[in-house]
Structure formats: C-alpha cells, structure tokens
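*Asks:* Pasting a structure here, questions to come.
The values are calculated or read from the model by the stated rules, or taken from the named source; none is laboratory data. Note that this is a predicted model, so its numbers are computed, not measured. Backbone-built Cβ (ideal geometry, glycine too); neighbour counts: all protein chains shown.
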Amino acid sequence: MPSIDEQKRLLRIKAKQQRAAAFALNPLMGMQVCDQLLDGNILHHNQIVAVYWPLGDELDPMPLLKTLHSLGHKMVLPVMLGAGKPLIFRTWSPGDELQDAGFGTREPCEDKPTLEPDVILAPLLAFDSRGFRLGYGGGFYDRTLEKLRKNKPVSVYGVAYAGQEMDQVIKGPYDEPLDGIVTELGITLFSR
C-alpha cells in the first residue's frame, strides 16, 4: 500500500486536472462565489478576514477581497516565512503595493501590520463532503490553523469551484478540517 504522501501526490494530479476543467468552464466565477458568501451570512461585521492571492487556475477571490474590504472587514493576505513554518497574515487594502512571494503569488510588504484572522478563506486543489481539503503539499495552512486555533476561534472556509469536489480527500494525521466550503453553487457547513 502506498504511503499517505504518495497517495496524496497521485490525488493532486487528478485534482489539478479537475480544477483546470472547472476553470475552463468559467474563469470569472469569483464574483458568483463572492455573492454566495455574502448571501450566506457567515461573516460578521468588522472581522479580520484572510484571503489568498490567486495562482494559475485557482478560483479568483479578488472580487470577494475588494467587496469585503468595502464592507468594513479588515483584510489580510498570507505571507510565507519559509518551509515548515506557519503562515503569518499582513493587512491589505485596495491599491496597496504587493511584493513577489515566489511561486507566482504576491504578498503585502514587510511594513504592513501583522494580524491574526478571525476567518480564513483558503485555496485548495480539492475538497470532500467530510470537510477536508487537499492542498499543494507544503502543509502551510495546516500548521497555521493548528497554531491559530490554539489561540482563538478561527473559522476556515475553502474557496473553490464545485467541480473540485472529490469523493474522498486522503486525510493525514496533521490535516486540519474546514468549517465549510464556498463554491458558485452555495455554502456547505461542516459540523465539528
């Protein structure tokens, strides 16, 4: 039997194909996901909300980022500090200068304040109906969630195309569950 890491590696290949197919159907689906999130009433006024900077064919959360900022939420973007370390989150506002973070993503500059989010809208390759996500394999979000959840309640919602759902995402011992998933079809909440 292949190791969990090998099983996940193989699953990532399939997940990337599924996401590319979903993206090809509607590359501008970010606004529909934004509408679903706002209609779902899962965010509360003045929360600190973390959103990601999109890579390649990931669902583009920029409409959501800008809308939530206009509604008074404090927006933060993730910052990688290096392999094996949790993410930190720096503030972001429309028009802020961003710096290259490698891997094709962008992050706030070092002069921006660091805040701990109340809500994280996380990218993913795939998700399942149990509330587990398949990421890129670096473990950044899992380490970050484990650390943050020790300090305060943090809600984590995967942001994805509905076509990224899989029957079952392979769960490792350190994988942190999602509180919900937001797609163009709506919000699914997972009980914990």
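*Asks:* If we scan the range 108-116, do we find a residue that is closer than 20 Å to GLY180 by Cα, in contact with a Gly (Cβ under 9 Å, 6 or more places away or on another chain) and not β-branched (Val, Ile, Thr)?
*Replies:* Kept after step one, since they are closer than 20 Å to GLY180 by Cα, are these residues of the range 108-116: 116.
Filter once more, keeping what is in contact with a Gly (Cβ under 9 Å, 6 or more places away or on another chain): none.
So far as the range 108-116 goes, no, none of its residues is closer than 20 Å to GLY180 by Cα, in contact with a Gly (Cβ under 9 Å, 6 or more places away or on another chain) and not β-branched (Val, Ile, Thr).
*Asks:* Return the pair list, or none, for Cβ contacts closer than 8 Å from residues in the range 32-44 that are closer than 14 Å to LEU65 by Cβ and free of Cβ contacts under 8 Å to residues at least 40 places away in the same chain to residues that are assigned to a helix (DSSP H, G or I) and not charged (D, E, K, R), at least 6 apart or on different chains.
*Replies:* From the range 32-44, the pairs are CYS34/PRO63; CYS34/LEU64; CYS34/THR67; LEU38/THR67.
*Asks:* From the set of residues in the range 176-186 that are touching a Ser or Thr at 6+ places or on another chain (Cβ under 7 Å) and either in contact (Cβ under 8 Å) with a residue 60 or more places away in the chain or assigned to a loop (DSSP other than H, G, I, E, B) (or both), which is farthest from PRO27 (Cα to Cα)?
*Replies:* ASP179
*Asks:* Are there any strands (runs of 3 or more DSSP E) wholly within the range 79-126 with 1 or more residues that are at pLDDT below 90 and within 29 Å of ALA15 (Cα to Cα), and if so which?
*Replies:* Numbers: elements: 88-92, 98-100, 106-108, 119-122.
Correct list: 98-100, 106-108.
*Asks:* Can you give me the number of residues within the range 102-130 that are surrounded by fewer than 21 Cβ atoms within 10 Å (Cβ to Cβ), among the small types (Gly, Ala, Ser) and farther than 16 Å from PRO61 by Cβ?
*Replies:* Residues flagged as surrounded by fewer than 21 Cβ atoms within 10 Å (Cβ to Cβ), among the small types (Gly, Ala, Ser) and farther than 16 Å from PRO61 by Cβ within the range 102-130 amount to 2.
*Asks:* Consider the range 1-39. How many of its residues are assigned to a loop (DSSP other than H, G, I, E, B), modelled with pLDDT of 85 or more and touching a strand residue (DSSP E or B) at 6+ places or on another chain (Cβ under 9 Å)?
*Replies:* Total meeting the criteria: 0.
*Asks:* Then there is this: Is it true that some residue in the range 139-155 is modelled with pLDDT of 95 or more, among the aromatic types (Phe, Trp, Tyr) and within 16 Å of the chain's Cα centre (by Cα)?
*Replies:* So far as the range 139-155 goes, no, none of its residues is modelled with pLDDT of 95 or more, among the aromatic types (Phe, Trp, Tyr) and within 16 Å of the chain's Cα centre (by Cα).
*Asks:* Those residues that are part of a helix (DSSP H, G or I) and among the hydrophobic types (A, V, I, L, M, F, W, C), I need them from the range 127-157; list them, please.
*Replies:* Pass one, the range 127-157, residues part of a helix (DSSP H, G or I): 140-151.
Those that are part of a helix (DSSP H, G or I) and among the hydrophobic types (A, V, I, L, M, F, W, C): PHE140, LEU145, LEU148.
*Asks:* Shifting gears a bit: Tell me the residue from PHE103, PHE89 that is farther than 17 Å from VAL156 by Cβ and out of contact with any Cys (no Cβ under 9 Å at 6 or more places or on another chain), please.
*Replies:* Just a single option satisfies the conditions, and that option is PHE103.
*Asks:* So how many residues does the range 25-77 have that are buried (at least 18 other Cβ atoms within 10 Å of the Cβ) and touching a Cys at 6+ places or on another chain (Cβ under 7 Å)?
*Replies:* Residues that pass the stated criteria total 1.
*Asks:* Which pairs do you get when a residue that is more than 19 Å from LEU37 (Cα to Cα), found in the range 149-168, comes within reach of a residue that is surrounded by 11 or more Cβ atoms within 10 Å (Cβ to Cβ) and among the charged types (D, E, K, R), reach meaning Cβ atoms under 6 angstrom, with the pair 6+ apart or on two chains?
*Replies:* The qualifying pairs are MET166/ASP128; GLN168/ASP128.
*Asks:* State the number of residues belonging to the range 142-175 that are under 30 Å from ALA24 (Cβ atoms) and either of a type in the set (S, T, N, Q) or surrounded by 15 or more Cβ atoms within 10 Å (Cβ to Cβ) (or both).
*Replies:* 17
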